[in-house]
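One structure is given below, encoded as structure tokens.
Laboratory data are not the source of any read-out in this text; all were calculated from the coordinates shown. This structure is a prediction, so every number in the text was calculated from the model and none was measured. So basically every Cβ, Gly included, is an ideal-geometry build from the backbone, and we count neighbours across all protein chains shown.
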Amino acid sequence: MTKKIKIGVIGCGNISGIYLDNFRKLFGFIEVTACADLDPARAKARADEFGVPTACTVKKLLSSPDVDIVVNLTIPNAHAEINLDAIEAGKHVYCEKPLAINRKDGLKVLKAADKKGLLVGCAPDTFLGAGFQTCRKLIDDGAIGEPLAASAFMVCRGHESWHPDPGFYYQPGGGPMFDMGPYYLTALISLMGPIRRVTGSTKITFPERIITSQPNYGKAIKVNTPTHIAGIMDFANGAIGTITTSFDVWGAQLPNIECYGSAGTLSTPDPNGFGGTIRLLRAREKEWVDVPLIDRYADNSRGLGVADMAKAIVSGDKHRANGKMAYHVLDIMQSFQDASESGKHIEITSSCKQPEVLPVNLFL
């Protein structure tokens with residue numbers, strides 16, 4: 001691929017560093033031309049650190065002819081607004097998860113992009129890493145037989161002990177499901193396909209959290225989103241899944257994701273990473289075996305989804321970390337809350353295609 005796709009990054013907080021570093025080191029066909037932040041000093045610091053030629057306002061970045069894709073790394077509550085502004089400016093957009101904090105805004109983004117013939121992408125892209133691409137190949141090759149069920153667990157004590165500004169994690173668009181759920185749900189969809197129905201229970205366990213990290217040590221956070229969510233999922237292929245996400249747990253000894261089939265069990269790596277250990281137990285065998293990774297993206301390769309999207313802009317092919325799948329994940333996450341409030345199963349009206357396997361040589 002000879003044409004370079006030009007990237008503008010909006011939001012220069014914690015997560016921006018790994019994106020900017022990977023754009024510079026891993027993908028030669030991507031060029032970051034500008035970065036912007038509500039805090040001009042933060043944008044300038046990132047530009048200086050990673051050799052980005054322009055640090056500017058959001059408005060200037062969106063009007064720049066040197067930006068093909070806007071990579072939106074703002075806080076969740078700002079995702080939809082920035083996505084829509086980028087699309088209105090004629091830019092493709094790739095957003096950190098979640099796509100939006102509610103279905104209405106998520107649909108607005110997809111419809112606006114479709115009307116203008118623009119692409120929408122969304123994190124997470126960890127399912128494109130070596131770990132889950134290897135898991136996908138194992139399932140596709142019949143290593144566990146017919147997939148029958150899956151379980152997923154993400155439990156921790158929350159982010160107020162380490163994050164410098166953790167308040168948004170406890171507002172709508174945050175919490176363990178909207179913060180970490182996309183990694184797990186996207187991984188499950190990549191392995192087993194879309195989800196047709198869910199139910200669940202959700203709870204705000206502690207109405208207030210105290211920050212124990214600097215620079216806001218001792219400040220209180222009012223919690224306005226559930227911090228413990230237990231969900232049940234019916235996949236379109238007939239499999240049943242369970243998921244638990246929590247910011248209320250001091251410690252646990254639980255697997256990340258396991259897939260159970262008619263001929264074995266697959267234990268996956270952490271879906272918040274790109275590599276990790278894969279373990280397989282075949283039917284009637286007593287010993288688990290470690291499975292080697294088949295791909296090279298085993299380190300922190302955030303931005304892989306942007307690279308796949310950039311390729312799609314040039315080739316006209318479909319990209320994998322796409323807006324339709326991100327909206328399906330958003331719909332599922334919101335439906336767990338709806339199910340808890342209504343005491344019913346919720347039929348998932350959205351769907352998506354199970355993403356294609358990432359060719360090993362795609363970015364060579």
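Answer with yes or no whether Thr225 is assigned to a strand (DSSP E or B) and either under 19 Å from Lys97 (Cβ atoms) or within 17 Å of the chain's Cα centre (by Cα) (or both). Outline the logic, then answer.
Values: assigned to a strand (DSSP E or B): no; either under 19 Å from Lys97 (Cβ atoms) or within 17 Å of the chain's Cα centre (by Cα) (or both): yes.
In short, no.
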Quiz item: Hey, among Asp165, Asp140, which residue is surrounded by fewer than 17 Cβ atoms within 10 Å (Cβ to Cβ) and more than 21 Å from the chain's Cα centre (by Cα)?
Solution: Asp140
Quiz item: Here are some conditions: (1) touching a residue at least 40 places away in the same chain (Cβ under 8 Å); (2) over 23 Å from Gly121 (Cα atoms); (3) of a type in the set (Lys, Arg). Arg42 meets all but one. Which one does it not meet?
Solution: (1)
Self-check item: Listing of helices (runs of 4 or more DSSP H) fully contained in the stretch 75-152 that carry 1 or more residues being among the basic types (Lys, Arg)
Solution: 103-116, 130-140
Self-check item: Near pairs, Cβ below 6 angstrom, 6+ apart or cross-chain, from the stretch 135-163 (in contact (Cβ under 8 Å) with a residue 12 or more places away in the chain and polar (S, T, N, Q)) to any residue that is assigned to a loop (DSSP other than H, G, I, E, B) and surrounded by fewer than 21 Cβ atoms within 10 Å (Cβ to Cβ)
Solution: Ser161/Thr212; Ser161/Ser213
Exercise. Among the residues of the stretch 38-73, write down those that are in contact with a strand residue (DSSP E or B) (Cβ under 9 Å, 6 or more places away or on another chain) and of a type in the set (S, T, N, Q).
Key: Thr54, Thr57, Ser64, Asn72
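Out of the residues in the stretch 60-74 that are among the β-branched types (Val, Ile, Thr) and in a loop (DSSP other than H, G, I, E, B), state the one that is surrounded by the fewest Cβ atoms within 10 Å (Cβ to Cβ). Give the derivation first.
Restricting attention to the stretch 60-74, the residues satisfying the condition of being among the β-branched types (Val, Ile, Thr) are 67, 69-71, 74.
From what's left, in a loop (DSSP other than H, G, I, E, B): 67, 74.
Working: Val67: 25, Thr74: 21.
Once the filter is applied, the top-ranked residue is Thr74.
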